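K.L.:
The structure is given below, and queries will be raised subsequently.
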C-alpha cells in the first residue's frame, strides 16, 4: 500500500492534470469543485488548527490528507470516480 494515496492539493500553477493507468488495480479519485476550495480549506483547518497555525500554506506542501467522508459531513461537495 506504500504510495497508494495522494494528498488533497491544487495542481501546480492551478493547471489541469492528466493521469494514465498503465496496469494494475483501478484507482479511485476524489475531487472538490474549485468553487468549494475555501470550504475544503476551512474544514481542514478546523480539524488540524495546530498544523495550520505553524504552516499557514500547509495544503501547498502535499502532506495533508483527510477522509472524504469527513469533508462530506462538513458540507464540502466531494465527487468520486474510478479509473
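K.L.:
Of (1) without any contact (Cβ under 8 Å) to a residue 40 or more places away in the chain; (2) within 14 Å of the chain's Cα centre (by Cα), residue 50 satisfies all except one. Which?
P.N.:
With respect to (1) without any contact (Cβ under 8 Å) to a residue 40 or more places away in the chain; (2) within 14 Å of the chain's Cα centre (by Cα), residue 50 is out only on (2).
K.L.:
Quick one: residue 64 ticks every box in (1) touching a helix residue (DSSP H, G or I) at 6+ places or on another chain (Cβ under 9 Å); (2) over 22 Å from residue 80 (Cα atoms) bar one, so which box is it?
P.N.:
(2)
K.L.:
With respect to residue 5, is the statement that it is within 14 Å of the chain's Cα centre (by Cα) and not in a loop (DSSP other than H, G, I, E, B) true? Walk me through how you get there before you give the answer.
P.N.:
Values: within 14 Å of the chain's Cα centre (by Cα): yes; not in a loop (DSSP other than H, G, I, E, B): no.
In short, no.
K.L.:
Another question about this same structure. For the stretch 11-37: of the residues being out of contact with any strand residue (DSSP E or B) (no Cβ under 6 Å at 6 or more places or on another chain) and within 17 Å of residue 67 (Cα to Cα), which is surrounded by the most Cβ atoms within 10 Å (Cβ to Cβ)? So that I can check it myself, show each step before the final result.
P.N.:
Pass one, the stretch 11-37, residues out of contact with any strand residue (DSSP E or B) (no Cβ under 6 Å at 6 or more places or on another chain): 11-25, 27, 32-37.
From the residues that got through so far, the ones that are within 17 Å of residue 67 (Cα to Cα) too are 27, 32-33, 36-37.
On the way: 27: 13, 32: 19, 33: 12, 36: 17, 37: 14.
It comes out as 32.
K.L.:
Name the residue that is nearest to residue 7 (Cα to Cα), counting only residues in the stretch 59-83 that are modelled with pLDDT of 90 or more and part of a helix (DSSP H, G or I).
P.N.:
Residue satisfying both the conditions and the ranking: 68.
The values are calculated or read from the model by the stated rules, or taken from the named source; none is laboratory data. Being a predicted model, the structure only gives us computed values, none of them experimental. In this analysis, Cβ positions are derived from the backbone assuming ideal geometry, glycine residues included, and neighbour counts consider all displayed protein chains.
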